[in-house]
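Written out below as structure tokens is the structure these notes cover.
The values are calculated or read from the model by the stated rules, or taken from the named source; none is laboratory data. All figures in this text were calculated on a predicted structure; none of them were measured in a lab. Positions of Cβ are generated from backbone atoms using ideal geometry, with glycine treated the same way; all protein chains shown enter the neighbour counts.
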Amino acid sequence: MEQFSKAVLDRMAYLEHADRREPGEGTIRLRQISKETGQFLLNLARTAPQGEFLEIGTSGGYSALWLSQACKERDITLTTFEREPYKQKIAEETFNTTNTTIHFIKDDAANHLNKYKHIAFCFLDSTKDTYIPFYNSIIPNLMPEGILAIDNMISHKRSLREFIALVRQDSRITVEEIKIGTGIFICRKTKLL
């Protein structure tokens, strides 16, 4: 399994176990991606052009560990955003215990996205009501052949109906639906725009 350190593999196993626990006293469900989805995103990120790598919705840092491997191979740093304090604490612990180089911004990505003009890859996995505004901020700054991967496109299909219609009619991108985990849309910016 990839070239992950023991510390990263141990933390991944911890987060996988924590996410499977039933919600109860003192437990928080992180609702993170599956291991299969993590491997898929790593391979997908490897196909992105040169540019900035972003993640919106860090949660406990599980997906960031996968994506940071693609960044490490390119000698760049993943920037990830999380606005929920309880998730920020878990993610910070993830990055500290694994010694993973991440630019971790503990704030709403909406307050920062205007700074990123050369996005090569972005993974969007935040609250579903933010998908349209984030999409509208990311797509104009996505590099030619750049990738926006969006999670929960099957599991939340009904609540994301308006968003799905917006994406499917956008001539600036090509869209592919991948039936992995909770479903991912891969939006790739066309070369001509």
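Out of the residues in region 65-83 meeting the condition of being of a type outside the set (Ser, Thr, Tyr) and assigned to a loop (DSSP other than H, G, I, E, B), tell me which one is surrounded by the fewest Cβ atoms within 10 Å (Cβ to Cβ). Result: Asp75.
Among the residues of region 104-146 satisfying the criterion of being outside any strand (DSSP E or B) and of a type in the set (Val, Ile, Thr), which is farthest from Ser59 (Cα to Cα)?
Within region 104-146, the subset outside any strand (DSSP E or B) is 106-118, 125-141.
Add one more test, that the residue is of a type in the set (Val, Ile, Thr), and what stays is 127, 130, 132, 138-139.
On the way: Thr127: 11, Thr130: 15, Ile132: 20, Ile138: 20, Ile139: 23 Å.
Going through the qualifying residues, I end up with Ile139.
Filtering region 142-167 to residues that are over 13 Å from the mean Cα position of the chain (by Cα), crowded, with 19+ Cβ neighbours inside 10 Å and closer than 20 Å to Arg74 by Cα leaves Leu142, Gly146. Between Thr101, Thr127, Thr182, the distinction of being modelled with pLDDT under 95, under 20 Å from Gln50 (Cα atoms) and either surrounded by 14 or more Cβ atoms within 10 Å (Cβ to Cβ) or not basic (Lys, Arg) (or both) belongs to Thr101 only. Within the span defined as region 84-103, every residue fails to be of a type in the set (Gly, Ala, Ser), out of contact with any Gly (no Cβ under 9 Å at 6 or more places or on another chain), in a helix (DSSP H, G or I) and more than 20 Å from Tyr135 (Cα to Cα). In summary, Ala7 fulfils each of the numbered conditions (1) more than 17 Å from the chain's Cα centre (by Cα); (2) part of a helix (DSSP H, G or I); (3) under 20 Å from Leu148 (Cβ atoms); (4) in contact (Cβ under 8 Å) with a residue 60 or more places away in the chain with the single exception of condition (3). Here Ala110 qualifies as aliphatic (A, V, I, L, M), surrounded by fewer than 22 Cβ atoms within 10 Å (Cβ to Cβ), under 29 Å from Thr190 (Cβ atoms) and in contact with a Ser or Thr (Cβ under 9 Å, 6 or more places away or on another chain).
Of everything in region 147-193, what is part of a helix (DSSP H, G or I) and of a type in the set (D, E, K, R)? Give them in sequence order. Outline the logic, then answer.
Within region 147-193, the subset part of a helix (DSSP H, G or I) is 161-168.
Listed by number, the residues that qualify are Arg161, Glu162, Arg168.
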